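Engineer: This is the structure I want to talk about, given as C-alpha cells.
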Amino acid sequence: MVVCGSLRKASLTRELTDLAFNHAKKTADADYLNLSKVNVEWFRGWEESYGSETRDAVERLTVSDVLIIGCPIYDGLLSSPLKNLFEHVNYKSLEGKVAGFIIKSGSTISSLQVQGQLVALMNYFRVISNPRAVYAFDEHFDKKGKLKDKGIEARVRRLVDETIGMFQGKKG
C-alpha cells in the first residue's frame, strides 16, 4: 500500500506517491490511500466509535504487507494526518510488515529528523523499515509542481522495488 500523508490540494508529496503507486502496481497487488480523499476522523480514544471511511482506511492499511509512506514535513515534524491514521491502528496488527519512506520537504533541514520519527513509529508497530528513504525538496519540482528530477524518480522506483523485495525475502 502506498500512503500519501498530505492533505494539500497541490501536494508535491502526492506527486511522489502517485509515482510510487504507478510503479508498485506493475509488480504487485497495490493499493493507494490518499489521506486528502479519505475522511480519517481524528482519533478520540479506543472507546469511541468511528465512521466507515475511517474503519475502511485502517482495514486497508492493516491488511497490506508492504507500506510505502509519503510524508510531507511540516514545522520539522511528520504530518498530523499521517500520525492520526496510525493512532487508529492496534500496534499488534502491523507486526512483521515492511515500510519504505518518501519524505518531502522544502529544504534539507529536517529530513533525517522526520525519517527518524517514521522509523520510531514503525518500530512501535514492529514494522521493518527500509533504511534507504527517498528525500525530495522543492528544487526537484518545476513551477507547476511536476517532478523534474529523473534521479528522484529513479530513487522512488528503487525504494518501491527494494521494499517489496524486503517483504518477499522475509517470506522465503
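Engineer: How about segment 35-77: which of its residues are among the basic types (Lys, Arg) and exposed (fewer than 15 other Cβ atoms within 10 Å of the Cβ)?
Structural biologist: Matches in segment 35-77: Lys37, Arg44, Arg55.
Engineer: Could you tell me which of the residues Ser80, Ser107, Ser93 is surrounded by fewer than 16 Cβ atoms within 10 Å (Cβ to Cβ) and either of a type in the set (D, E, K, R) or free of Cβ contacts under 8 Å to residues at least 24 places away in the same chain (or both)? Please lay out each step first, then the result.
Structural biologist: Details: Ser107 fails: either of a type in the set (D, E, K, R) or free of Cβ contacts under 8 Å to residues at least 24 places away in the same chain (or both); Ser93 fails: either of a type in the set (D, E, K, R) or free of Cβ contacts under 8 Å to residues at least 24 places away in the same chain (or both).
The conditions single out Ser80.
Engineer: Additional query: So Asn22 clears everything in (1) buried (at least 21 other Cβ atoms within 10 Å of the Cβ); (2) under 27 Å from Glu162 (Cβ atoms); (3) of a type outside the set (Asp, Glu) except one condition, right? Which one?
Structural biologist: The failed condition is (1).
Engineer: Okay, moving on. As an exercise: evaluate Arg158 against (1) in a helix (DSSP H, G or I); (2) touching a Pro at 6+ places or on another chain (Cβ under 7 Å); (3) not aliphatic (A, V, I, L, M) and give the number of the one condition it does not meet.
Structural biologist: Among (1) in a helix (DSSP H, G or I); (2) touching a Pro at 6+ places or on another chain (Cβ under 7 Å); (3) not aliphatic (A, V, I, L, M), Arg158 violates only (2).
Engineer: So is Ile152 in contact with a Cys (Cβ under 6 Å, 6 or more places away or on another chain), touching a residue at least 24 places away in the same chain (Cβ under 8 Å) and within 23 Å of Leu19 (Cβ to Cβ) or not?
Structural biologist: Here the answer is no, as Ile152 does not meet what is asked.
Engineer: Turning to a different aspect of this structure: Taking Phe43 as the residue in question, decide whether it is of a type in the set (Phe, Trp, Tyr), out of contact with any Lys or Arg (no Cβ under 8 Å at 6 or more places or on another chain) and not in a loop (DSSP other than H, G, I, E, B). Outline the logic, then answer.
Structural biologist: On the way: of a type in the set (Phe, Trp, Tyr): yes; out of contact with any Lys or Arg (no Cβ under 8 Å at 6 or more places or on another chain): yes; not in a loop (DSSP other than H, G, I, E, B): no.
No, not satisfied.
Coordinate-derived values only; no laboratory data. Since the structure is predicted, the reported quantities are computational estimates derived from the model, not experimental observations. Cβ sites come from the backbone with ideal geometry, for glycine too, and all protein chains shown count toward neighbours.
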